[in-house]
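The values are calculated or read from the model by the stated rules, or taken from the named source; none is laboratory data. Keep in mind it's a predicted model, so treat the numbers as computed, not measured. No Cβ is skipped: glycine too gets one built from the backbone with ideal geometry, and neighbour counts run over all protein chains shown.
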Amino acid sequence: MDPLQTPIEYLKGVGPSRANLLKQELSIYTFQDLLHFFPHRYIDRSTFFKIKNLPKNSSEVQIKGELIKLEMKRQKKGKRLVGTFTDGERNMELVWFRGHKWIKESLKLNINYVIFGRLNWYANQPSIPHPEMETLENFDKGFSKSLQAVYPSTEKLLNKGISQRVIIKMLQELLISLKKPFPETLPEDLRTKYKLIDKNTALKNIHFPDNQDILTAAQNRLKYEELFFIQLQLLIKNLQRKQKIKGFFFEKIGDKFNTFFNKNLPFELTDAQKKVIREIRKDIGNGQQMNRLLQGDVGSGKTIVALMVMLIAADNGFQSCLMAPTEILAKQHFQSIKSLIGDLDITIGLLTGGSKKAERIQLADQLESGDLNILIGTHAVIEDKVQFKNLGFAVVDEQHRFGVAQRAKLWRKNTTPPHVLVMTATPIPRTLAMSVYGDLDISVIDELPPGRKKIKTLHRFDSNRLKVFKFIADQIQRGQQIYIVYPLIKESEKMDYKDLMDGYESIVRAFPSPRYQISILHGKMPTKDKDYEMERFINKQTQIMVATTVIEVGVNVPNASVMVIESAERFGLSQLHQLRGRVGRGNDQSYCILMSSHKLSTEAKTRLETMTATTDGFDIAEVDLRLRGPGDLMGTQQSGVLQLKIADIIKDNQWLKIARSDAQALLLDDPKLEAQKNTPLRQTLAKMKAYQNIWNYIS
Ligand code: ADP
Ligand code: MG
């Protein structure tokens, strides 16, 4: 066996219980995992401070000295362990709030230590909470005394005594025990091209750097390698899919499409819509299976594009389905598609969690006989019991709400997988899309239909609520409708913001019936109540819709022109953008009013400022990515792909681009990686396949 695949419990000094913790907390299962558990920063351990010279701020410092006293002190809540530390001239305090038992057992009085930690000043007295402590003897024996790696950790690990010191010790042990050098994973020509150092030197120096220069070289080498292999795998997957998986051939554009195009289409398509339809037609007419991501800002008109492709499918004798993340949205798609197709010879059905048994039975019949052309619905559509006669085209709306597993399930709905179009209104910066959806082709609708007025976005503090209400009343007077959105539905004890019901009541007071009618909508309502309220709003029987974020996705009521977002500081940028997208759908000037308290974190301020400054979804996505990091942005389901060990998709953007184009060029040249020089790649990929499972998550 590859020695790197040795389970971590076999490392000297680890054992079963520590191994369990390492697995649970850090996902370290094998020697290889530990070796690739990279530090998140480095500290300078070459300088020592004297206590009398400590800087009067909260910087990190290193001091030599002895622990002369250790005592437990009671405080309001619980106890703290306080140590007195001396450097021979002065004393200072060391404090522990947790893990007392382990600390008392492991620390010794009156021997020389090197301590390291962040300073805390209180009443002009310095102290260090939870310092790293190492005996001077061990410190002197250590691998590296200039730059020391700091590893990500968790509270649980610290409490159980797996300190930085212990992790470093394990790595020392590992590097000593691995006698055979780590095999090189990159071909010579790529290493020469970027002057990348070899794998062994990189691994040793990432953990125990001799100096800053070699550390930088090690980081570059490992970042490039990480990004390169991700891109290589994605591209290979894409190539294989295109070669192996045959797709349906939609050869003709028939009556249904043509009639729709000539008679039913209520407006001229934008150039961007036309471009995307051309791209899709190329995919579905070349015998390969389409797997395409359609990105387009809210309101850019993605639905009509999907519908037109469904008509092509029908022209070629195939069924289509459209899957939406919520019931409301599925119904709305159903309604708007129904009205778009008018008297065209197309049958469409709606299937959601709320569909009645009789409806389901009828739908099942129609689906299996092929009488139904288009099925629209929620997740219910991909349930195993839903059987199509010949599903040829599947659309997934608002992809970010769907897991990749569900996308895979769609694939299995027919012996030949249907063409898949994934639509998202949460624009993903291109570089990110490249790495996350490297297995999809990407189309972008980058223009809005003409005539839309730019939505005016304002930020108002809660103290200005009366003015905002006055504005709402004026807009209603002019025949407009209003959304008022709250962050959640359940009262949360900790948070002091208004909850939906409070809000609803105050709005009912401010806008009394019979003059005003108000709808309310939240996720916990029974389906029929939701429908009823939505219906009333659509039919203009109510002027105000008070809701939670259930309306975030896709709801389309063109007459609604004001979106008030309560506690806007609590929402993420993509949510705010989605919510704002609910207005500005008609011909009237629309407004988005972000309400917040005066207490705003820096991040919240940035979010609100971004919203008032721009309506461009791609710009917003860039800011969001910077604020939150990629994992969060994509939702947990996709984040596996983005759990990069060393590269940073934002900061190392340049490396990402280079790695991708290198991988592309390499595959063009040697698609099966058969060349002698590419042996390391072939071997590394084979190992990754055997030992890694994250790639199973993507498609
Ligand atoms: P989204 O991309 O957010 O899903 P929709 O498909 O719901 O957007 O379209 C938003 C609105 O714009 C719909 O009312 C739709 O009928 C309309 N629309 C779409 N394309 C055009 C166009 N080319 N010209 C005018 N209106 C359009
Ligand atoms: Mg939509």
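A few comments on the model shown:
- Every pair of residues 6+ apart whose Cβ atoms lie under 9 Å, when the first sits in region 442-465 and is within 16 Å of ligand 1 (Cβ to nearest atom) while the second is assigned to a loop (DSSP other than H, G, I, E, B) and of a type in the set (Lys, Arg): ARG452/ARG585
Residues checked against (1) at pLDDT below 95; (2) surrounded by fewer than 18 Cβ atoms within 10 Å (Cβ to Cβ); (3) part of a strand (DSSP E or B); (4) under 21 Å from the mean Cα position of the chain (by Cα):
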position	(1), (2), (3), (4)
LEU576	yes, no, no, yes
LEU579	yes, no, no, yes
GLY584	yes, no, no, no
ASP588	yes, no, no, no
LEU594	no, no, yes, no
LEU600	yes, yes, no, no
ARG607	no, no, no, yes
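- Here region 127-138 is the region considered, the condition is being within 16 Å of LYS56 (Cα to Cα) and surrounded by fewer than 19 Cβ atoms within 10 Å (Cβ to Cβ), and the residue that is farthest from the chain's Cα centre (by Cα) is SER127.
- Residue within region 561-576 that is in contact with a helix residue (DSSP H, G or I) (Cβ under 6 Å, 6 or more places away or on another chain), closer than 17 Å to LEU448 by Cα and within 15 Å of ligand 2 (Cβ to nearest atom) present: no
- The set of residues in region 609-623 that are part of a helix (DSSP H, G or I) and either in contact with a Pro (Cβ under 9 Å, 6 or more places away or on another chain) or not hydroxyl-bearing (Ser, Thr, Tyr) (or both) comprises GLU609, MET611, ALA613, GLY617, PHE618, ASP619, ILE620, ALA621, GLU622, VAL623.
- Residues in region 526-550 that are at pLDDT below 90 and of a type in the set (S, T, N, Q) were compared, and the one that is farthest from the chain's Cα centre (by Cα) is THR527.
- When region 254-276 is filtered for residues that are within 16 Å of ligand 2 (Cβ to nearest atom) and assigned to a helix (DSSP H, G or I), the ones remaining, listed by number, are ALA272, GLN273, VAL276.
- Test: residue in region 17-30 that is assigned to a loop (DSSP other than H, G, I, E, B), not aliphatic (A, V, I, L, M) and not assigned by TED's automatic domain parsing to the domain that holds SER127: yes
- Which numbered condition LEU235 misses (of (1) touching a Phe, Trp or Tyr at 6+ places or on another chain (Cβ under 9 Å); (2) of a type outside the set (Phe, Trp, Tyr); (3) farther than 21 Å from PHE37 by Cα): (1)
- At least 2 residues being free of Cβ contacts under 8 Å to residues at least 40 places away in the same chain and touching a Lys or Arg at 6+ places or on another chain (Cβ under 8 Å) is the threshold, and among the strands (runs of 3 or more DSSP E) wholly inside region 89-136 those reaching it are 91-96, 132-135.
- Of residues in region 277-307 being β-branched (Val, Ile, Thr) and closer than 28 Å to LEU239 by Cβ, the one farthest from ligand 2 (Cβ to nearest atom): ILE284
- For region 276-295, a tally of residues being within 12 Å of ligand 1 (Cβ to nearest atom) and at pLDDT 95 or above returns 2.
- Some residue of region 388-402 being of a type outside the set (Gly, Ala, Ser), within 25 Å of GLY299 (Cα to Cα) and out of contact with any strand residue (DSSP E or B) (no Cβ under 7 Å at 6 or more places or on another chain): yes
- Unique residue being assigned to a helix (DSSP H, G or I), more than 29 Å from ASP345 (Cβ to Cβ) and hydrophobic (A, V, I, L, M, F, W, C) when the list is LEU232, LEU307: LEU232
- Taking the conditions (1) without any contact (Cβ under 8 Å) to a residue 40 or more places away in the chain; (2) within 16 Å of ligand 1 (Cβ to nearest atom); (3) of a type in the set (A, V, I, L, M, F, W, C) in turn, ILE520 satisfies each one other than (2).
- The selection criterion, being at pLDDT below 85 and part of a loop (DSSP other than H, G, I, E, B), does not hold for LYS385.
- Close pairs from region 525-542: first charged (D, E, K, R), partner exposed (fewer than 15 other Cβ atoms within 10 Å of the Cβ), Cβ under 7 Å, at least 6 apart: none
- Being small (Gly, Ala, Ser) and within 16 Å of ligand 2 (Cβ to nearest atom) is a description that applies to SER336.
- Checking each residue in region 313-327 for being in a strand (DSSP E or B) and either within 23 Å of the chain's Cα centre (by Cα) or hydroxyl-bearing (Ser, Thr, Tyr) (or both) picks out SER320, MET323.
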